Amino acid sequence: MAPDAPADDAATALFAATVKPDEDVLFRNLDGEAVLVHLGSGTYFGLDETGTFIWERMVEHEALPPVLAAVLEAFEVDEATAKADLVRLVGELQEAGLVTVAPKGEKTEEGAEG
């Protein structure tokens, strides 16, 4: 069980954080699928219907617990799988510079307003 501990700690920290789109990200919903473009770096990221659902709720709530609740309500998926997939997606978005993650109460890189 010890090898999973760092991943569990990272997931716990992520679920306690504020997650916001970077201020330079352009989002377009195209028939249920989305395109994200970072205007500063030119990074392009495509989201399928589920990823688009998650993105829209992440923008609305700026926190992952209500996003997870929405995913569990909308899709037939167990909580462990949904949480792992959500952590993976946010990690990919963060690595691409499309979202910022900060502990609750701290400002994200672009400040308090988004």
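Flag set for V37, criterion: outside any loop (DSSP other than H, G, I, E, B) and either charged (D, E, K, R) or more than 25 Å from D9 (Cβ to Cβ) (or both). Pairs are defined by a Cβ separation below 8 Å, a sequence spacing of at least 6 or placement on different chains, a first member in the range 68-80 that is free of Cβ contacts under 8 Å to residues at least 12 places away in the same chain and in a loop (DSSP other than H, G, I, E, B), and a second member that is β-branched (V, I, T) and surrounded by 14 or more Cβ atoms within 10 Å (Cβ to Cβ); the pairs so defined are V77/V71. One residue stands out in the range 44-67 among those that are of a type in the set (D, E, K, R) and part of a helix (DSSP H, G or I): the one that is nearest to F27 (Cα to Cα), namely E56.
Is at least one residue of the range 22-31 without any contact (Cβ under 8 Å) to a residue 40 or more places away in the chain, of a type in the set (D, E), touching a Leu at 6+ places or on another chain (Cβ under 6 Å) and part of a loop (DSSP other than H, G, I, E, B)? There is at least one residue in the range 22-31 that is without any contact (Cβ under 8 Å) to a residue 40 or more places away in the chain, of a type in the set (D, E), touching a Leu at 6+ places or on another chain (Cβ under 6 Å) and part of a loop (DSSP other than H, G, I, E, B). Across the range 29-44, the qualifying residues are those that are in contact with a strand residue (DSSP E or B) (Cβ under 8 Å, 6 or more places away or on another chain) and among the aliphatic types (A, V, I, L, M), and the one among them that is surrounded by the fewest Cβ atoms within 10 Å (Cβ to Cβ) is L39.
Of everything in the range 20-63 that is among the small types (G, A, S) and within 11 Å of the chain's Cα centre (by Cα), the residue that is farthest from E76 (Cα to Cα) is A63. A single entry from A112, A82, A69, A102 fulfils the requirement of being surrounded by 12 or more Cβ atoms within 10 Å (Cβ to Cβ), modelled with pLDDT under 95, of a type in the set (A, V, I, L, M) and within 18 Å of A17 (Cα to Cα): A102.
The values are calculated or read from the model by the stated rules, or taken from the named source; none is laboratory data. Since the model is a prediction, treat every value here as computed from it, not as a measurement. Neighbour counts are summed over all protein chains in view; Cβ atoms, including those assigned to glycine, are modelled from backbone coordinates with ideal geometry.
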